[in-house]
Amino acid sequence: MQRTTMDLWVGLFVLVGIGALMILSLKVGNLNAYSMAQTYTITGNFENIGGLKVRAPVKSSGVVVGRVSNIQFSTKTYDAVVTMNMDSRYQFPKDTFASILTAGLLGEQYIGLSVGGDERMLAEGDNIMKTNSAMVLEEMIGRFLFDKAAEEEAF
Amino acid sequence: MLNRIVANIQDIGHRVIDSVWRLGNASRFFILVLLKSGTCLRRFSLVIRELYYTGVLSLIIIIVSGLFVGMVLGLQGYETLQKYGSESAVGTLVALSLVRELGPVVSALLFASRAGSAITAEIGLMKATEQLSAMGMMAVDPIARVVAPRFWAGVISMPLLAAMFSVMGVFGGYLVTVVFIGVDAGSFWSQMQGAVDFRFDIINGFIKSCFFGVAITAIAVYEGYDAPPTAEGVSGATTRTVVTSSLVILGLDFILTAFMFRGIS
Amino acid sequence: MQSETLIEIRDLNFAYGARSILNGINMTMSRGKVIAIMGGSGSGKTTLLKLIGGTVRPSSGYVNVAGQVIHQLDRDALFKIRRKMGMLFQFGALFTDLSVFDNVAFQMREHTDLPESMIRDLVLMKLHAVGLRGASHLMPVELSGGMARRVALARSIALDPMLIMYDEPFTGLDPISLSVIGSLIRRLTDALGTTSIIVTHDVQESLKIVDYVYFIADGVIAAQGTPQEVSESVAPFVHQFVHGEEDGPVPFHYPAQAYRADLNLENNLA
């Protein structure tokens, strides 16, 4: 085998190996700055996001129209600020209703958009005014037990 | 009767002493290899040559196996997860299994049988045909010239091959679940990226594969160098390399996992 | 011809564990000579070469090469003196992963800083000396046994050594290759002014080319002399060895108890 051919193969091998490590880090791991082709950003404040994760889908009528790009806690309003990257092909009215829903009983959580009737559309940097928090199982059970107890006391 | 018992006890003692001797010899040899690595690290073309034989020639088996392992993981994971309506978690399953365990371990097992056995056979044959003695008589240290480059090439290739295995596995899982079955690509990736942690999973997997690389090549070069200079000797040493490295990989994997993922859910 | 002593061996003993291989060997070898060490298989000839090369240590006694006692040298000094020794192994021991050219160039690249163009010229000169300049691009697997031996010879003279040791250089060769190797050894020794030690049991070929012969049997020197003295010798051992007789001082039978006793004949007769 020629020295130069061998060098070429080894060079390729090392490059591909390092490339694989990069893919693992960036694509599989969460060292990632994701961006869609053409997007605009909107935010929404949620009282409780439950198990919502960054990169979870934003759906309307079951169609994926965007992705969650960032989740932060705001110390001004004391709730979660969720930033969404929306596909520019889809425009939504200002009074669109955003709620955190769960796919199936144990599935992943996503943001569902219910379209409103406003004539003005959401634009880059806008905030969705109407939000609905995630259902948290413990809270639901807690509320259920509390109601039960209250009912019994009433008797 | 008493004689038989004594003979059996002697046999046990003999085996223990023999193993300790071998272990001691192997450790001494390992340290010698490290001490004599200067030459081959200065003349890196020696290592590049061996990288070709250990790394590049192992590519095919690693890539193909990785792809299939990932596809099977995706299929099996989907079958099980869809019963609970959480088939979108299949990405997490595939990626975590690959990055933490299967990537480093399976690629190390393949590497031991593909490259480790080749290293042992090559060094053993060089010894059997007096090439190592000839080198010594030419005032060239065979450990520095023959053993050390092979050792370092193995240590360098192993983590790279493990990374390729994992990437191919994830791709295989993606192919089966997203492309063939139709799980949402976004939730496949998002769940995966949500669950796979760079530091805990990817770095730890990388560290594992580095350990495996050192262990496999150290065993392979020692068995080759220690092989009796006959045909049976070399074939026996080659078998021992594969068996010993496989056991060491699995044992080491348990120890490393216990250290790395203690207290991390 | 100068008769300066290159190798001096005094009271050399060597044993593998309890098994004694060499017992009190004394030899003196001069520069520029071809010396043969002969003996049956397993008589310790190869061990003697290893002792001269310093790959094993003597139990007692010493080997002195060019004024240095081999087993007292540290690693660096030993490697330094080995650069001045060439060794031809039994089956050549060419590096199978290197071409003929690279095999011969091996020592030059390892031990010298010569530019590649000069190494090329030197390698082709060495290969020309053994008649294989045209085979420089071949790999060792493509060579016949005799050609491999010649390449190994070219490799062992790569750094113009003061001493070349040949371990069974004639084994497994056809008659033509055999005499080619034989005359090459003689010619190279004379041309380079080196000393050659040939370990062999090929009597006829080596008697044609050597200056002095040692016979080793059971770890001691059984006989020695010039080829002329040896062929005319009437000593029973030498006579048996030189003429290849199957029985003599070296018995045909491995030591055993009486044949009759082994076959239980005596009991039957009694």
Area accessible to solvent at B:Phe180, 1.4 Å probe radius, in Å²: 140
Accessible area per residue in Å² at 1.4 Å probe, computed on the protein assembly as shown: 50
Fraction of accessible area attributable to carbon and sulfur, chain A (%, probe 1.4 Å): 59
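If you roll a 1.4 angstrom probe over the protein chains with everything in place, what fraction of the accessible area of segment C:9-108 belongs to carbon and sulfur, to the nearest %?
On the way: 1840 of 3890 Å².
Of the solvent-accessible surface of segment C:9-108, carbon and sulfur hold 47 percent.
What are the trypsin sites (Lys or Arg not before Pro) within segment A:94-145 that DSSP puts in a loop, where the Cβ has at most 12 other Cβ atoms within 10 Å?
Values: sites: A:Lys94, A:Arg120, A:Lys130, A:Arg143; in loops: A:Lys94, A:Arg120.
In loop regions of segment A:94-145 (DSSP not H, G, I, E or B), the sparsely surrounded trypsin sites (Lys or Arg not before Pro) are A:Arg120.
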Nearest 10 degrees, 0 to 90: helix A:3-23 Cα axis against chain A principal axis: 10
Buried accessible area, chains B and A (both chains, 1.4 Å probe, Å² to nearest 100): 2800
Signed unit charges on C-beta, dipole axis of the protein assembly as shown, positive-most listed residue B:Gly236, A:Leu15, C:Gly24: C:Gly24
Size of charge dipole - chain B - debye, nearest 20, with Cβ of Lys, Arg +1 and Asp, Glu -1, no other charges: 620
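Taking R0 as 41 Å, what FRET efficiency do you get between A:Tyr90 and B:Leu57 from their Cβ-Cβ distance, rounded to the nearest 0.05? Could the numbers behind the result be given before it?
Values: r = 50 Å, r/R0 = 1.23.
Taking R0 as 41 Å, the efficiency between A:Tyr90 and B:Leu57 is 0.25.
Tell me, rounded to the nearest percent, the portion of alpha carbon pairs in segment A:39-141 spaced more than 16 Å apart.
Working: 2799 of 5253 pairs.
Percent of Cα pairs beyond 16 Å in segment A:39-141: 53.
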222 nm mean residue ellipticity, helices alone, for the protein assembly as shown (DSSP H n ≥ 4; -39,500 (n - 2.57); rounded to 500): -16000 deg cm²/dmol
Stokes-Einstein translational diffusion, chain B - Kirkwood Rh over all Cα pairs, 1.002 mPa s, 20 °C, in µm²/s: 106
With every protein chain in place, segment B:35-121: carbon and sulfur % of accessible area (1.4 Å): 68
Interface residues in segment A:91-131 - accessible area drops by 10 Å² or more relative to the isolated chain, probe 1.4 Å: A:Leu106, A:Gly107, A:Glu108
Proximal lysines to C:Lys80, defined as alpha-carbon separation beneath 25 angstrom and excluding residues fewer than eight positions away on the same chain: B:Lys36, B:Lys127, C:Lys33, C:Lys45, C:Lys50, C:Lys126
Tensor-based shape of the protein assembly as shown (alpha-carbon gyration tensor, a/c under 1.5 rounded, otherwise prolate or oblate): prolate
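Need one number: buried accessible surface between chains C and B, 1.4 Å probe, both sides summed, DNA, RNA and ligands left out, in Å² to 100. Walk me through the intermediate numbers first.
Values: alone 13820 and 13910 Å², together 25990 Å².
Result for this pair: about 1700 Å² buried.
Extension gain C:Arg19-C:Ser60, at 0.36 nm per residue separation less the Cα-Cα distance, in nm?
Details: separation 41, 0.36 × 41 = 14.76 nm, distance 1.44 nm.
Once the chain is fully extended between C:Arg19 and C:Ser60, it gains 13.3 nm.
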Pairwise label distance in nanometres, B:Val179 with C:His128, each label 7 Å out on the Cα-Cβ vector: 6.1
Inter-probe distance in nm under a simple model that places probes 7 Å from Cα toward Cβ, at C:Asn264 and B:Ile17: 3.9
Mean Kyte hydropathy of 1.6 or more with a Cα span along the axis of at least 20 Å, helices from DSSP in chain B: B:59-81
Relative contact order [Cα under 8 Å, 6+ residues apart], segment B:32-181, whole percent: 51
Normalised contact order of chain C, rounded percent, pairs of Cα under 8 Å and 6 or more residues apart: 23
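I need the calculated FRET efficiency for the pair A:Gln72 and B:Thr257, taking r as the beta carbon distance and R₀ as 51 Å, to the nearest 0.05.
The calculated FRET efficiency here is 0.90.
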Label-reachable residues, segment C:196-228, where backbone N falls under 16 Å from a point 7 Å from C:Asn26's Cα toward its Cβ: C:214-215, C:220-225
Proximal lysines relative to A:Lys27, as straight alpha-carbon distance under 28 Å, when same-chain residues fewer than 8 apart are discounted: A:Lys53, A:Lys59, B:Lys83, B:Lys208
Using alpha carbons only: equivalent-ellipsoid semi-axes of segment C:5-233, gyration tensor based, whole Å: 29, 21, 16
Solvent-accessible surface (1.4 angstrom probe) belonging to C:His111, in square angstrom, nearest 10: 40
Relative contact order of chain B, pairs being alpha-carbon contacts under 8 Å that are 6 or more residues apart, as %: 30
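For A:Thr41 and A:Arg120 in one chain, what is 0.36 nm times their gap in residues minus the Cα-Cα distance, to one decimal in nm?
On the way: separation 79, 0.36 × 79 = 28.44 nm, distance 1.61 nm.
Computed gain between A:Thr41 and A:Arg120 is 26.8 nm.
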FRET efficiency estimate (nearest 0.05) - Cβ-Cβ, C:Leu73 to C:Arg109, R0 25 angstrom: 0.55
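The values are calculated or read from the model by the stated rules, or taken from the named source; none is laboratory data. Note that this is a predicted model, so its numbers are computed, not measured. No Cβ is skipped: glycine too gets one built from the backbone with ideal geometry, and neighbour counts run over all protein chains shown. Calculation scope for accessible area: heavy atoms of the full protein, side chains included, ligands and nucleic acids excluded. Shrake-Rupley method; radii C 1.70, N 1.55, O 1.52, S 1.80 Å.
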